[in-house]
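*Asks:* Before we start, here is the structure in question, set down as structure tokens.
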Amino acid sequence: MPLALLALAVSAFGIGTTEFVMMGLLPNVAGDLGTSVPTAGHLVSAYAIGVVIGAPLLTALGSRVPRKRMLLLLMALFVVGNLASAFAPGFGWLIGGRILAGLPHGAFFGVGAVVAARLVPEGRQARAVATMFLGLTVANILGVPAATLLGQHLGWRATFLVVTVIGLVAMAALARLVPYVPVETHQSLGREMRALRRPQVLLGLLTAVFGFAGVFAVYSYLASMTTEVMGFGESSVTLVLALFGIGMTAGALAAGPLTDRALRPTLYGSLGALALVLVAFRFTIHVPWLALVTVVVLGAVGFMTTTPLQMLVMNKAKDAPTLASASNHSAFNLANAGGAWAGGAAVAAGWGWTSPTLVGAALAVVGLAIAVAAGLLDRTGRRPAPEGASRVVAGSPLTTGTTTGTEAAAGTRAERVSPPSTPASGS
């Protein structure tokens, strides 16, 4: 794997820390700013709204900007957003800071995923993208627990100041390690928009919105579940968040090679497992050691969905993947916002701190149903190659979005990721 992936992973570490740390700080922020925990949960949604708005907007505005420069500009905006959050004088200003910090998130991962895929040979694209996403998962092992502990002892503002420093380090790594990657000569905003409107791309995005919302219906309130239901003290929140991060990392490591091997089965299996684990968590949460084991498994199956969903939309829009890739992170963060809202609504309705587990399971089942429907639609839309017909090289424009008859019958390797149509130069 190229060293440039390390710079992308460091950037993902910073982004993941600021995205997920709010879950561990919700009780502290709520107490400091004089609001309730469910209301403070809107800070999770505010970041997600920033991602949803920023992913398509900034990707479109930067469609002609060289990829490395675009990554640096997006990380600079990330630094400004976290600095604004650290010095926010009140809840409303903190909402604004979280939206600003979220704006570059989707565009960064959209551009970063395309760059990562261009740096490796065919057959390793999913592993390259998963390597970048490892920064997100490691953030939940190290960054989020450490930042939560820092926030509990020095105040939540100190957390965002530290994240600002991480963003500056990430910018230095990007400038030093990422090679020049030009904008593709055939690329245009119109082409990107047409690719985004393809039914399979839209169904992939919809799968992410509902399926991944199941994770955040629970994860958004994991700190409160730790103290209110599991019976642990506030000091144990960092341990629980770290265990969730360990599960995320295991899931991300497994997802890369599994997705390269069989994309849709990996997606179906992870969504189905997510629903089952969320239902199980409703019962295991009352037994401390079982609850901790379930938290690890929940992190693993939840984040095992991210790589196949990312590669699915890139594959279906592979001649214009950047906007589709960025929009996938809009979908993920709609899931974050929707999951946090749905879980908070269940708690606010008086259904108890365990109710988000069943809400999350229902959302995961909806996501699985959409994914299966999309898979069936994809298979019925294929036509077997005539007998004796010569095979066209995979990844050529003539085979975009198609598979051979043998692959269609097998139904497991038909979603391999093809190499980008225009190789990056200057790397």
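*Asks:* How high is the FRET efficiency between Asp32 and Leu3 when r is their beta carbon distance and R₀ equals 45 Å, given to the nearest 0.05?
*Replies:* Working: r = 41 Å, r/R0 = 0.91.
With R0 = 45 Å, the Cβ-Cβ based efficiency is 0.65.
*Asks:* Using a simple charge model, +1 on the beta-carbon of Lys and Arg, -1 on the beta-carbon of Asp and Glu, nothing else, what dipole does the chain show about its Cα centre, in debye to the nearest 20? Could you put the intermediate results ahead of the total?
*Replies:* On the way: 25 positive and 13 negative charges, 230 e Å.
About 1100 debye.
*Asks:* Tilt of helix 125-138 relative to the longest C-alpha principal axis of the chain, in degrees (0 to 90, nearest 10)?
*Replies:* Compared with the principal axis, the helix lies near 10 degrees.
*Asks:* Now, a different point. Keeping the other protein chains in place, figure out the carbon and sulfur percent of the accessible area of the chain, with a 1.4 Å probe. Working shown, then result.
*Replies:* Values: 11050 of 15750 Å².
About 70 percent, which is the carbon plus sulfur part of the accessible surface.
*Asks:* Between segment 1-42 and segment 320-379, what is the separation of their alpha carbon centroids in Å?
*Replies:* 19
*Asks:* Across 10 Å bins from 0, what is the distribution of all Cα-Cα pair distances for segment 94-168, in whole percents?
*Replies:* Percent of pairs per bin, in order: 17, 38, 30, 13, 2.
*Asks:* Based on DSSP loop calls and a cut-off of at most 16 other Cβ atoms within 10 Å, the longest stretch of the chain free of exposed GluC sites (Glu not before Pro) is what?
*Replies:* Numbers: sites that count: Glu122, Glu387.
So the longest stretch without any such site is 123-386.
*Asks:* In deg cm²/dmol and to the nearest 500, what is the mean residue ellipticity at 222 nm of the chain if only DSSP H runs of at least 4 residues count, each as -39500 (n - 2.57), divided by the residue total?
*Replies:* Numbers: 18 runs with 319 residues, N = 427.
So the helix-based figure for the chain works out to -25000 deg cm²/dmol.
*Asks:* Just to confirm, what accessible area per residue do you get for segment 1-83 at 1.4 Å probe, in whole Å²? Kindly include the intermediate steps, with their values, before the conclusion.
*Replies:* Details: 2650 Å² over 83 residues.
Using a 1.4 Å probe on heavy atoms only, each residue of segment 1-83 averages 32 Å².
*Asks:* Roughly how many Å² is the accessible area per residue of segment 138-290, as a whole number, for a 1.4 Å probe? Intermediate values should be presented prior to the final figure.
*Replies:* On the way: 5980 Å² over 153 residues.
It amounts to 39 Å² per residue over segment 138-290.
*Asks:* Run the numbers for Val165 and Val372: contour at 0.36 nm per residue of separation, minus the present Cα-Cα distance, in nm. Can you show the working numbers first?
*Replies:* Details: separation 207, 0.36 × 207 = 74.52 nm, distance 4.27 nm.
Taking Val165 through Val372 to full extension adds about 70.2 nm, to one decimal.
*Asks:* Report the dimensions of segment 41-154 along its three principal axes from the alpha-carbon atoms, largest first, rounded to Å.
*Replies:* Principal extents (largest minus smallest coordinate, Cα): 48, 33, 21 Å.
*Asks:* Compute the convex hull volume of the Cα atoms of segment 199-295, divide it by the residue count, and report the result per residue in Å³ as a whole number. It would help to have the intermediate numbers written out before the result.
*Replies:* Values: hull volume 9.2 nm³, N = 97.
Roughly 95 Å³ of hull volume per residue.
*Asks:* Take the alpha carbon atoms of the chain, find their radius of gyration, then divide it by 2.2 N^0.38 Å using N residues; give the quotient.
*Replies:* Values: Rg = 20.7 Å, N = 427, 2.2 N^0.38 = 22.0 Å.
So the Cα radius of gyration is 0.94 times the expected 2.2 N^0.38 Å.
*Asks:* Report the charge-dipole magnitude of segment 194-282 in Debye, nearest 20, computed about the Cα centre from +1 at each Lys and Arg Cβ and -1 at each Asp and Glu Cβ.
*Replies:* 600
*Asks:* Let me ask you something else. Taking the simple approach of a point 7 Å from Cα along Cα-to-Cβ for both Ala345 and Leu177, what is their distance in nm?
*Replies:* 4.1
The values are calculated or read from the model by the stated rules, or taken from the named source; none is laboratory data. Everything numeric in this text was worked out from a predicted model, so none of it was measured. Ideal geometry is used to build each Cβ from the backbone, glycine not excepted, and the neighbour counts take in all protein chains shown. All accessible areas refer to the heavy atoms of the entire protein, side chains included, with ligands and DNA or RNA removed. Shrake-Rupley method; radii C 1.70, N 1.55, O 1.52, S 1.80 Å.
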